[in-house]
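The next block holds one structure in the form of structure tokens; read it before the comments.
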Amino acid sequence: MATPMVEDKLVLESAETNPFEAMMARFDRAAKLLNLNPDLYAVMRVPNRELKVYIPVRMDSGRIQVFEGYRVQHNFARGPAKGGIRYSPDVTIEEVRALAAWMTWKCAVVNVPFGGAKGGVVCDPWQMSQGELERMTRRYASELIDIIGPEKDVPAPDMNTNEQTMAWIMDTYSMHARHTVNAVVTGKPVDLGGSKGRREATGRGILFVVNEAIKRFKMTPPTTRVVVQGSGNVGGIGAQLMHEAGYKVIAISDVYGGIHSPDGIDIPAALEHLKATRSFEEFPGVESVSNSELLELECDVLVPAATENQIRSDNAERIKCKVLAEGANGPTTAAADAILHRKGIFVIPDILANAGGVTVSYFEWVQDRMGYFWKEDVVNERLQDIMVASFNDLVKYADTHNVDTRTAAYMLAIDRVAYDTRMRGIYA
Ligand code: NAD
């Protein structure tokens, strides 16, 4: 029997805190509007496979410690599963499941031929030596060996994992395969089959979609005030690229707080200051703001690029931007969506706004399989083509169906996955 759809109110209440419910709230709303066939609904709302592994690791002390790890493969309808691996004490199967589903919808929104997956290991990487991290990564990779691969599931970095982690996974997989298989992961060092432009891809993707969005308000970069929450790979690089493109970036933050200047901030200098002092404090000519104050600043474009659940039902009313470009995954709760919509804020939802990263990961996988590597200009140009086309597809879809852009993104993604699932048929 088909799974009944969950009542909106119930879902919205727990969706303020539970990432899987937050994702499902959007999924259910879109599925209802699409009048999704109940059999397809039943299949698409659950993951294809969830693997839980126990990872014994010889610690530097000589003792064995056992870590718990997961890999959730949400959907394969459109191609191999794709998604990052995170290391954190807070990793839960619920979170990994939500992130895996998000990857399915994200890949479908930008129309790259992947399904969705995510992995995680419950550990505290800050307390572990490089040797311990390497041994844990290799054993985790070896536990996943039967279910990952260029044609099966292609991991990538996520929270607290990086190029080095990917190189270890690639090497472990290759040792078992008895030959080098660089297409098994993306986000590798460029010398080991990584793609030029991958590091900047998410921030650059945000720039491309914001460029399109401001045209709707007849704004140009020099007249557009931008606020960025977060200054890491997404926020820092996004702010830098927007600054270079002539935008007036008036605020930026890190986990400890931010800086604000209505006249615009010299972003390269501020990031240099952050790098040198590990803080934005004492950067000259600006006022300090807390992360919550920063979100409520008067601006044209707000880019939450730090972490999830930043815009909620308790602060959405005070958000003052015209365009919300979601750099982070899940920065807005499902309950806040309706408030933003009522205020007329144009939302570029996370599954489009931050899809530049997975798009260039797709390019990396293509280049690895061809054994031929592209110039950075080619990568950036192809990224721009995909981000702009996806933005236009989304806006057209929202207009045609008379729905907000977030709902449209989910509807578009679910529609694409549902079509492919229907054409392939359900092997039931
Ligand atoms: P990062 O670790 O490089 O940077 C995170 C930034 O956010 C840092 O400046 C940190 O100080 C700040 N931060 C962390 N917790 C915060 C908090 N509670 N309040 C305010 N600021 C906080 O991470 P990243 O790669 O830039 O990722 C940021 C977000 O973007 C995450 O949600 C991630 O899942 C998402 N994302 C990243 C990529 C990518 O390619 N890196 C792609 C898609 C989505």
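So here's what we get for this one:
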| quantity | calculated |
| --- | --- |
| Count of the stretch 399-409 residues which are farther than 20 Å from Gly327 by Cα and part of a helix (DSSP H, G or I) | 3 |
| Filter pass, Val417 being touching a residue at least 24 places away in the same chain (Cβ under 8 Å), assigned to a strand (DSSP E or B) and out of contact with any Phe, Trp or Tyr (no Cβ under 7 Å at 6 or more places or on another chain) | no |
| Unique residue being within 21 Å of the chain's Cα centre (by Cα) and surrounded by fewer than 24 Cβ atoms within 10 Å (Cβ to Cβ) when the list is Asp415, Asp377 | Asp415 |
| Condition met for Val91 (surrounded by 22 or more Cβ atoms within 10 Å (Cβ to Cβ) and out of contact with any helix residue (DSSP H, G or I) (no Cβ under 9 Å at 6 or more places or on another chain)) | yes |
| Residue selected from the stretch 192-223 under the condition over 20 Å from the mean Cα position of the chain (by Cα) and either outside any helix (DSSP H, G or I) or among the aromatic types (Phe, Trp, Tyr) (or both), by the criterion surrounded by the most Cβ atoms within 10 Å (Cβ to Cβ) | Gly193 |
| Some residue of the stretch 282-294 being assigned to a loop (DSSP other than H, G, I, E, B), within 10 Å of the ligand (Cβ to nearest atom) and within 28 Å of Thr405 (Cβ to Cβ) | no |
| Listing of helices (runs of 4 or more DSSP H) fully contained in the stretch 329-389 that carry 2 or more residues being under 13 Å from Arg406 (Cα atoms) | 334-342, 350-353 |
| Among residues of the stretch 299-318, those that are buried (at least 21 other Cβ atoms within 10 Å of the Cβ) and away from the ligand (no atom under 13 Å from the Cβ), counted | 5 |
| Which listed residue, of Val395, Val378, Val360, is in contact with a Lys or Arg (Cβ under 9 Å, 6 or more places away or on another chain), hydrophobic (A, V, I, L, M, F, W, C) and under 30 Å from Asn37 (Cβ atoms) | Val395 |
| Single condition Thr180 does not satisfy, out of (1) β-branched (Val, Ile, Thr); (2) assigned to a helix (DSSP H, G or I); (3) more than 15 Å from the ligand (Cβ to nearest atom) | (2) |
| Condition broken by Val154, with the remaining ones in (1) touching a Gly at 6+ places or on another chain (Cβ under 8 Å); (2) in a strand (DSSP E or B); (3) not assigned by TED's automatic domain parsing to the domain that holds Asn291 satisfied | (1) |
| Flag if Gly357 is more than 21 Å from Leu297 (Cβ to Cβ), within 16 Å of the ligand (Cβ to nearest atom) and crowded, with 24+ Cβ neighbours inside 10 Å | yes |
| Residues that are within 16 Å of the ligand (Cβ to nearest atom) and either under 19 Å from Gly235 (Cβ atoms) or among the basic types (Lys, Arg) (or both), drawn from the stretch 319-346 | Ile319, Leu324, Ala325, Glu326, Gly327, Ala328, Asn329, Gly330, Pro331, Thr332 |
| Residues satisfying the stated conditions in the stretch 224-258, i.e. assigned to a strand (DSSP E or B) and more than 8 Å from the ligand (Cβ to nearest atom) | Arg225, Val226, Val227, Val228, Lys248, Val249, Ile250, Ala251, Ile252, Gly257, Gly258 |
| Top-ranked residue in the stretch 69-124 [being under 18 Å from Pro19 (Cα atoms) and acidic (Asp, Glu); ranked as farthest from the ligand (Cβ to nearest atom)] | Glu94 |
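Yes or no, residue by residue, for (1) in contact with a strand residue (DSSP E or B) (Cβ under 8 Å, 6 or more places away or on another chain); (2) over 28 Å from Leu295 (Cβ atoms); (3) among the charged types (D, E, K, R):
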| site | (1), (2), (3) |
| --- | --- |
| Glu151 | no, yes, yes |
| Met166 | yes, yes, no |
| Lys218 | no, no, yes |
| Ala239 | yes, no, no |
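The values are calculated or read from the model by the stated rules, or taken from the named source; none is laboratory data. The model shown is predicted, which means the values in this text are computed figures rather than measured ones. Cβ sites come from the backbone with ideal geometry, for glycine too, and all protein chains shown count toward neighbours.
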